[in-house]
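Remarks on the structure that follows.
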Amino acid sequence: MIRTAQPADLDAIAALHTRARATYYVGHIPEQAYSGEAETARTREGWSRALARPAAEGGVFCAERDGEVTGVAAFLTAGGVTTLTQLHVDPVHWRRGTGAALHAACLDAWRRAGIARVRLDVYVHNLRAQAFYARHGWLPAPASGRTGSHRTLWLTVPPPSGE
């Protein structure tokens, strides 16, 4: 089930975020940069801000299965640009359609808001995510498409199925 995330989901979301990031950062950056005490606090603060954001500025969706948060997606609209800021699935729930369902919920929200184009930055070593986004129509930015350790991708929001 996909639903709008609530403040009560904060602990589960932050823990899931940390587990998911560890799968693609391990071996590339120091562990404390993605799971240390300071990073855990920063992660919680970031998700707390996202959960408190007014709907006009973005949204956060959770995937839930048997009462457990199994995935999360967040987007932000600022300065006329909408950015998919996070999309994580708990690694124990990979390959079950959770990411695709979260992506579809974001697409629906963007369509309802009249958003035609969305950007995201994906870690260059996260090949699993890059393949996921490619399957969902995201394309590299026309210029270099890379900003530091991340690649910038863009999606033209497609019309609803059947149109």
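In the set R95, R53, R42, R49, which member is farther than 16 Å from L10 by Cα and among the basic types (K, R)? Explain how you work it out, then say what you get.
Numbers: R53 fails: farther than 16 Å from L10 by Cα; R42 fails: farther than 16 Å from L10 by Cα; R49 fails: farther than 16 Å from L10 by Cα.
Checking each option against the conditions leaves just R95.
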If you check A50, A63, which single one turns out to be touching a residue at least 60 places away in the same chain (Cβ under 8 Å), surrounded by 20 or more Cβ atoms within 10 Å (Cβ to Cβ) and either in contact with a strand residue (DSSP E or B) (Cβ under 8 Å, 6 or more places away or on another chain) or of a type in the set (A, V, I, L, M, F, W, C) (or both)?
A63
Every listed condition ((1) at pLDDT 95 or above; (2) closer than 18 Å to R21 by Cβ) holds for S149 save (1)
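Report whether or not T77 is of a type outside the set (D, E), crowded, with 17+ Cβ neighbours inside 10 Å and at pLDDT 95 or above.
Numbers: of a type outside the set (D, E): yes; crowded, with 17+ Cβ neighbours inside 10 Å: yes; at pLDDT 95 or above: yes.
Yes: the conditions hold for T77.
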Pick out the one residue from R111, R119 that is surrounded by fewer than 18 Cβ atoms within 10 Å (Cβ to Cβ), of a type in the set (K, R) and under 12 Å from the mean Cα position of the chain (by Cα).
R119
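The values are calculated or read from the model by the stated rules, or taken from the named source; none is laboratory data. What you are looking at is a predicted structure, and each value in this text was computed from that prediction instead of being measured. Cβ: placed from backbone, ideal geometry, glycine included. Neighbour counts: every protein chain shown.
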